[in-house]
Each structure stands twice: as C-alpha cells, then as structure tokens.
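Values quoted throughout were computed directly from the atomic coordinates according to the rules given, and no laboratory measurement underlies them. Please read these numbers as outputs of a predicted model, since none were measured by experiment. Neighbour counts run over all protein chains shown; Cβ positions are idealised from the backbone, glycine included.
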Amino acid sequence: MKKEGYSPKEFGEAWGISRPTVYKLLNQEGFPKCKVGRRTVIPADASRRWMERQAESQGA
C-alpha cells in the first residue's frame, strides 16, 4: 500500500533532509501540511508536487 502522508521525521528521512530543515519548511507559506489533532502530517503527493515546483523554479 502506498504511503499517503508522512510525519515530519519520516519526511526528512525520505528526502534526506535534516529535522531542523523540515521544521523550517513546515513554517514556510505554501508548504503542504495538515494538522490531525495535535499531529502534523505532510501529504505525500502534495509534497512531491511542491518539491518538483521548487526544483523547476531553481532551474534544476
């Protein structure tokens, strides 16, 4: 089964990003996230599209 969302820790591990960087992203306007109770979830598909747009805008 495909993973639909990540915890901040899982997201950092999946993308090779440090924990402080993940939390900077979470505080950045436009970064995809949602709250489920007290927990922050990063939707897998939305975060992938966000990363692709960032790479395109930086000429990667």
> So, counting K/R as plus one and D/E as minus one, what does the shell of residues with Cβ under 14 Å around Ser18 add up to?
Replying inline: +1
>> As a footprinting exposure proxy, order Glu29, Glu10 by other Cβ within 10 Å, with the fewest listed first.
In response: Glu29, Glu10
> Modelled label-to-label distance, Glu4 and Asp45, 7 Å Cα→beta-carbon offset: nm?
Replying inline: 1.1 nm
> What Rg and what Dmax come out for the chain when only alpha-carbon atoms are used, in angstroms?
Replying inline: 11.4, 37
